[in-house]
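Enquirer: Sharing a structure here in structure tokens format.
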Amino acid sequence: MSAQIDYNQLIPNNVNLASDRRLLRALESWHPKFINWWKDYGPDAYQEKEVYLRTAVSVDKKGWAHFGSVKMPDYRWGIFLADSNIEEKRIGFGDHKGEKVWTDVPGEYRGPLRRLIVTQGDTEPASVEQQRVLAATAPSLIDMRNLFQVNVEEARHLWAMVYLLMAHFGRDGREEAEQLLERRSGDPDKPRILGAFNEQTPDWLSFYMFTYFTDRDGKYQLASLAESAFDPLARTCQFMLTEEAHHMYVGETGVARIIQKACDVMNEYKTDDVRRHGAIDLPTLQKYVNFHFSVSEDLFGAELSTNAANYFTQGLKGRYQEQFIKDDHSLKDEPYEITTFANNMIKKEEVPALNSINERLRDDYIKDCQRGVNRWNKLIKDAGIDFEITLPHRAFHRQIGFFAKANVSPEGVTMTEEDWFKNSLSWLPSEQDHEYVKSLMIQVTEPGKFASWIAPPRIGINNQAIDFEYVRF
Ligand SMILES: [Fe+2]
Ligand SMILES: [Fe+2]
């Protein structure tokens, strides 16, 4: 089969694929396996439908994407590196600060760079697997389309990482590329690498929370890798961020529309009991926030990390928007204040900035999460309703770092393990909450119609109408 495919044609790219026979051969043998994975573990049951999708076709800021209806297996997963002025570009941090960026992997950093790329790459197909059955309960065609858009782009991010592995890591890279298709989200024998990517995305409230909170972790990881001295990695990640922004937009507007619907019902029926009218009540939504935020916080790793310090010193992974930070960018003697936990007390402590790179990135992430929460709260306030969504304290419900052993309420109060568990049903979605949300998950496929628990979006996709046939049945 592969002999008849012109891979340079099939794979939109700006990496001069046509001239690299070795790379082309590697991709040729990987592509059919990818397609098999996509058909078996990508979106269930909708592979033959035409979906109105965005496809990346270049890195031109003004027109990088093309919109059109396409069957997902025919989607053209491309490989793009953001533009770079390679002659002038210098490393911005760590021991190599000021030197020219690398176009090849330095021998001494092969291992850690490979690990960084594989860890990032693993999350991409993982989220597709987590979301594979959601279309069956899509609340509208536009929502179904948004799900598929996120899915094909996560798969393209897999391509982006596989390209780096194959182009720069030889045989090892080809083996890693195979394994990226072999690990499986939630499979106890061959799980995905990071915990949050083995959790289920069982319903659409979870999907929107995931795209708001967990894709945003992705944004911060990609932004740190976009600082890398290894220029192909930096440029790949920079371009991935363009697509990632839409995933977070899907999450933020999805949650906003659920809030809107709850408020509308409360006002129309003059009741707090919106469940009676098939909407999702704000206290339940708050519990989902508590869960998804805390699980996503864990993705940043331990507060103090020698690995992260080494990645930084070696120039492999920087901080968020490194060039805007006012310090020496080598962190030999810089302090940073973090929150710690000892003797059952939460307190602030000054530690070396170099060791607290993860925590700093988590701080940036939390600030960013808060901005969207503020916009959600404005909707509630504008509806005249007295309720505020809050991000839980960073110590709440953590599995990694100082707070893994702590029992802390969303407000940041420490308590006994027993008290924590007694209260946890009011903080995290209970079995009943899950059952209720699940009971609302009924597929709506009539163009322009929406399920009972979510308001229509304000605008369609790419200037199309809300009732456009985003997925053709
Ligand atoms: Fe991604
Ligand atoms: Fe994403």
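The values are calculated or read from the model by the stated rules, or taken from the named source; none is laboratory data. In this text, all values refer to a predicted model and were calculated from it rather than measured experimentally. Please note: Cβ atoms are built from the backbone with ideal geometry, for glycine as well, and neighbour counts cover all protein chains shown.
Enquirer: Name, by its number, the condition in (1) surrounded by 23 or more Cβ atoms within 10 Å (Cβ to Cβ); (2) out of contact with any Gly (no Cβ under 8 Å at 6 or more places or on another chain); (3) part of a helix (DSSP H, G or I) that does not hold for Asn310.
Expert: (1)
Enquirer: Exactly one of these conditions fails for Asp83: (1) under 27 Å from the mean Cα position of the chain (by Cα); (2) modelled with pLDDT of 95 or more. Give me its number.
Expert: Asp83 satisfies all of (1) under 27 Å from the mean Cα position of the chain (by Cα); (2) modelled with pLDDT of 95 or more except (2).
Enquirer: On to the next question. May I ask you to list the residues in the stretch 38-82 that are of a type in the set (Ser, Thr, Tyr) and out of contact with any Leu (no Cβ under 7 Å at 6 or more places or on another chain)?
Expert: Listed by number, the residues that qualify are Tyr41, Tyr46, Tyr52, Thr55, Ser58, Ser69.
Enquirer: Here's another thing I want to ask about it. Can you name the number of the only condition in (1) β-branched (Val, Ile, Thr); (2) part of a helix (DSSP H, G or I); (3) surrounded by fewer than 20 Cβ atoms within 10 Å (Cβ to Cβ) that Ile389 fails?
Expert: Of everything listed in (1) β-branched (Val, Ile, Thr); (2) part of a helix (DSSP H, G or I); (3) surrounded by fewer than 20 Cβ atoms within 10 Å (Cβ to Cβ), Ile389 misses just condition (2).
Enquirer: Then there's this: So which pairs qualify, if the first residue must be in the stretch 222-246 and under 18 Å from Lys100 (Cα atoms) and in contact (Cβ under 8 Å) with a residue 60 or more places away in the chain, the second must be of a type in the set (Asp, Glu) and more than 13 Å from ligand 2 (Cβ to nearest atom), the Cβ gap must be under 7 Å, and the two must be at least 6 apart or on different chains?
Expert: From residues that are under 18 Å from Lys100 (Cα atoms) and in contact (Cβ under 8 Å) with a residue 60 or more places away in the chain, the pairs are Glu227/Glu322; Ala234/Glu227.
Enquirer: What single numbered condition from (1) in contact with a strand residue (DSSP E or B) (Cβ under 7 Å, 6 or more places away or on another chain); (2) buried (at least 19 other Cβ atoms within 10 Å of the Cβ) fails to hold for Trp30?
Expert: (1)
Enquirer: If Glu178 passes every condition in (1) among the charged types (D, E, K, R); (2) assigned to a helix (DSSP H, G or I); (3) surrounded by 17 or more Cβ atoms within 10 Å (Cβ to Cβ) but one, which one does it miss?
Expert: (3)
Enquirer: Do we find a residue being away from ligand 2 (no atom under 16 Å from the Cβ), more than 22 Å from Gly401 (Cα to Cα) and not in a helix (DSSP H, G or I) anywhere in the stretch 247-268?
Expert: As a first pass, look at the stretch 247-268 and keep what is away from ligand 2 (no atom under 16 Å from the Cβ): 256-268.
After this cut, where a residue has to be more than 22 Å from Gly401 (Cα to Cα) as well, the list is 256-268.
Filter again for not in a helix (DSSP H, G or I), leaving none.
Taking every residue of the stretch 247-268 in turn, none turns out to be away from ligand 2 (no atom under 16 Å from the Cβ), more than 22 Å from Gly401 (Cα to Cα) and not in a helix (DSSP H, G or I).
Enquirer: Among all residue pairs at least 6 apart or on different chains, which show Cβ distances below 7 Å where the first residue, located in the stretch 54-76, is over 17 Å from Met144 (Cβ atoms) and the second is among the charged types (D, E, K, R) and surrounded by 14 or more Cβ atoms within 10 Å (Cβ to Cβ)?
Expert: Thr55/Arg76; Ala56/Arg156; Ala56/Glu243; Ala65/Arg54
Enquirer: Ok, one more. Any residue at all in the stretch 189-206 that is buried (at least 23 other Cβ atoms within 10 Å of the Cβ), of a type in the set (Phe, Trp, Tyr) and touching a Gly at 6+ places or on another chain (Cβ under 8 Å)?
Expert: Yes, some residue in the stretch 189-206 is buried (at least 23 other Cβ atoms within 10 Å of the Cβ), of a type in the set (Phe, Trp, Tyr) and touching a Gly at 6+ places or on another chain (Cβ under 8 Å).
Enquirer: Restricting the search to the stretch 189-217, which residues are within 16 Å of ligand 2 (Cβ to nearest atom) and in contact with a His (Cβ under 8 Å, 6 or more places away or on another chain)?
Expert: Ser206, Met209, Phe210, Thr211, Tyr212, Phe213, Thr214, Asp215
Enquirer: Within the stretch 42-99, restricting attention to residues that are part of a loop (DSSP other than H, G, I, E, B) and of a type in the set (Ser, Thr, Tyr), which residue is nearest to Glu244 (Cα to Cα)?
Expert: Ser58
Enquirer: Take the conditions more than 24 Å from Phe197 (Cβ to Cβ), more than 16 Å from ligand 1 (Cβ to nearest atom) and free of Cβ contacts under 8 Å to residues at least 40 places away in the same chain and apply them to Glu50. Does it pass?
Expert: It is false that Glu50 is more than 24 Å from Phe197 (Cβ to Cβ), more than 16 Å from ligand 1 (Cβ to nearest atom) and free of Cβ contacts under 8 Å to residues at least 40 places away in the same chain.
Enquirer: Here's something else I'd like to know. Among the numbered criteria (1) at pLDDT 95 or above; (2) over 17 Å from Glu244 (Cα atoms); (3) within 14 Å of ligand 1 (Cβ to nearest atom), which single criterion is violated by Asp172?
Expert: So the condition that Asp172 fails would be (3).
Enquirer: Quick check on my filter: what residues within the stretch 184-218 are modelled with pLDDT of 95 or more, of a type in the set (D, E, K, R) and closer than 30 Å to Gln443 by Cα?
Expert: Selection gives Arg184, Asp187, Arg192, Asp203, Asp215, Arg216, Asp217.
Enquirer: Quick check on my filter: what residues within the stretch 119-143 are closer than 14 Å to Tyr311 by Cβ and crowded, with 21+ Cβ neighbours inside 10 Å?
Expert: Within the stretch 119-143, Gln120 is the sole residue that qualifies.
Enquirer: From Val150, Val128, Val118, grab the single residue that is away from ligand 2 (no atom under 16 Å from the Cβ), β-branched (Val, Ile, Thr) and assigned to a helix (DSSP H, G or I). Please lay out each step first, then the result.
Expert: Details: Val150 fails: away from ligand 2 (no atom under 16 Å from the Cβ); Val128 fails: away from ligand 2 (no atom under 16 Å from the Cβ).
Unique residue meeting the criteria: Val118.
Enquirer: Quick check on Asp333: is it charged (D, E, K, R) and under 23 Å from Glu227 (Cβ atoms)?
Expert: In short, yes.
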